[in-house]
Amino acid sequence: MALKMDKIFVNLPVKDLGKSMEFFTKIGFEFNPQFTDENATCMMISDHIFVMLLVEDFFKTFTNKEISNSAATTEVILALSADSKEQVDEIVNKALDAGARKSNDPIDHGFMYSWSFEDIDGHLWEVMYMDPSMVG
């Protein structure tokens, strides 16, 4: 039997936790106050997807490696699925209005539509919609 997990906690380093929380609040995300202090917060994407935003000094306590310079390099692209093409545009436009930078122009393959942005710390986010009738 294949290994199966039911939740994911993505950990991202941020320079200013307050500014990051303000940015993601403007997009529409909420935070779990039970897991929020001056070092970290738990951003709730869904019932099973969470992003831990950790101030860089606190993030460093979890690794012996250097933190990637997200302004210059990419380690990961966080891809989130939306319910429609319109929701993709809505989320990315909110991010851009909140201070994100456009990463790529929208890409429309007919059955799949995506658009991406860089958050205020340079992390790449892609929001995508895939026509459910095309998923086997």
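Each value in this text was obtained by applying a stated rule to the coordinates, not by laboratory testing. Keep in mind that this is a model prediction, so the values were computed, not measured. No Cβ is skipped: glycine too gets one built from the backbone with ideal geometry, and neighbour counts run over all protein chains shown.
General observations
- Across segment 98-129, the qualifying residues are those that are among the β-branched types (Val, Ile, Thr) and within 25 Å of residue 21 (Cα to Cα), and the one among them that is nearest to the chain's Cα centre (by Cα) is 127.
- Of the criteria (1) loosely packed, with under 13 Cβ neighbours inside 10 Å; (2) within 19 Å of residue 9 (Cα to Cα); (3) free of Cβ contacts under 8 Å to residues at least 12 places away in the same chain, which one residue 68 fails: (1)
- Index of the failed condition, residue 83 passing every other in (1) buried (at least 16 other Cβ atoms within 10 Å of the Cβ); (2) not in a helix (DSSP H, G or I): (1)
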